[in-house]
1. Does the range 105-142 hold any residues that are open to solvent by 10 Å² or more (accessible area, probe 1.4 Å), over 14 Å from E78 (Cβ atoms) and not aliphatic (A, V, I, L, M), and which are they?
2. For the range 194-206, what are the residues that are modelled with pLDDT under 85, part of a helix (DSSP H, G or I) and either within 19 Å of I275 (Cβ to Cβ) or open to solvent by 50 Å² or more (accessible area, probe 1.4 Å) (or both)?
3. Where the second residue is among the charged types (D, E, K, R) and the first is at pLDDT 90 or above and lies in the range 94-108, which pairs have Cβ atoms under 8 Å and are six or more apart or on separate chains?
4. If I filter the range 241-261 for residues that are closer than 23 Å to A113 by Cα, out of contact with any Gly (no Cβ under 6 Å at 6 or more places or on another chain), of a type outside the set (G, A, S) and open to solvent by less than 40 Å² (accessible area, probe 1.4 Å), do I get at least one hit?
5. How many residues are open to solvent by 20 Å² or more (accessible area, probe 1.4 Å) and more than 15 Å from the chain's Cα centre (by Cα) when one looks only at the range 223-234?
6. Looking at (1) surrounded by fewer than 17 Cβ atoms within 10 Å (Cβ to Cβ); (2) within 25 Å of L174 (Cα to Cα); (3) not aromatic (F, W, Y), find the lone condition where V290 falls short.
7. Is at least one residue of the range 160-182 of a type in the set (F, W, Y), crowded, with 20+ Cβ neighbours inside 10 Å and over 21 Å from V247 (Cβ atoms)?
8. Between a residue in the range 180-209 that is touching a residue at least 60 places away in the same chain (Cβ under 8 Å) and of a type in the set (G, A, S) and any residue that is loosely packed, with under 13 Cβ neighbours inside 10 Å and outside any helix (DSSP H, G or I), which pairs come within a Cβ distance under 9 Å, given they are 6 or more apart or on different chains?
Amino acid sequence: MPGSASTPTSTNSSDNSQYVFLAGAISGVAEGVTIQPLEMLKTRFQINQGAHLRIIPTVKEIIAEGGVRQLYRGGAPEILGLIPRATAALSTLEFSRRLFRSWHDGQLPAPYAYLSGALCGVTEGVVFAPFQVIKVRLMAKEHLGRYANSMHCLQQVLQQEGPSALFIGLVPTLYRNCIWNCLYYGTMHRIEQQLPALDSHAAAAARQLAVGTAVGMAATCLNAPFDVVKSRFQSQLPGQGKYRRVVPSLLAIGREEGLAALYKGFVPKALRLGIGQSVGLVMFEQLLRVFGVSQGQVEREPNDAPAMEV
């Protein structure tokens, strides 16, 4: 940043940092509310061990269980977990990049860009895992009527299974998040270095959205099997120990249900990515304008807009 700490640029950046964080938090919640029905579909698809489900019949079935609001069952822990999840992931990304740049005269070599992405996947996975366990339990068709709401589900899990149950599926979660974050943030960093700068903010945002969605889709193709295993782990009750380790579970699902089963829920997962990124980015940019924060006052790389594994 040019100039001393007393320069207008530095002061503006410091004064507006709270609004940037607030815009990120609000846009994250807005994104979560918008795509929650797709999250329900994705989870139902992934834990289903029978024939492949279809979107429209599954939506009708879910609505028949409890009305339209049933599409948002499990949404509370998912949405509440977005703020600590984003804080952990993006803080780790930022601080690891600063560290790696300090080792390389202010530059971020490509391997370290990928490494910082993988590292932020670790903190994201650890912080978000308990929220995911509660979400999956609430969304699972097999557990209908077992849990009244999110708090009741949390109490039951703690009483019957102990605190460690909140971290069921942590290992496949780490595989899932680290693969996606590594590929997404590392590849976006390299692409942004190669693309020419655009004068139009709208054009730059549109390009970032298009490129980010494409990169996110590619990363999703590689991490989807671990997402399926994660959901299978987290939906199990005590005594249902079919899925215990990651690799044997991947092999068992592929052998018993076919390799395509490792990509169950891929369509709603992909739709969630595209719609979620669009809503999150548009909301983030609009809130910055409402708060009076110009893009020139927000010191972040073009590829550092909020983005999370889906």
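The values are calculated or read from the model by the stated rules, or taken from the named source; none is laboratory data. Since this is a predicted model, take the numbers as computed values, not measurements. Quick reminder, even Gly has a Cβ in these numbers, built from the backbone with ideal geometry, and neighbours come from all protein chains shown. Heavy atoms of the whole protein, side chains included, go into the accessibility calculation; ligands, DNA and RNA do not. Shrake-Rupley method; radii C 1.70, N 1.55, O 1.52, S 1.80 Å.
1. D105, G106, Q107, P109, P111, Y112, Y114, T123, K141, E142
2. Scanning the range 194-206 gives H201, A202, A205, A206.
3. Q107/R101; L108/R97; L108/R101
4. Scanning the range 241-261, I find no residue that is closer than 23 Å to A113 by Cα, out of contact with any Gly (no Cβ under 6 Å at 6 or more places or on another chain), of a type outside the set (G, A, S) and open to solvent by less than 40 Å² (accessible area, probe 1.4 Å), so the answer is no.
5. Total satisfying the criteria: 0.
6. The failed condition is (2).
7. So far as the range 160-182 goes, no, none of its residues is of a type in the set (F, W, Y), crowded, with 20+ Cβ neighbours inside 10 Å and over 21 Å from V247 (Cβ atoms).
8. A204/A197
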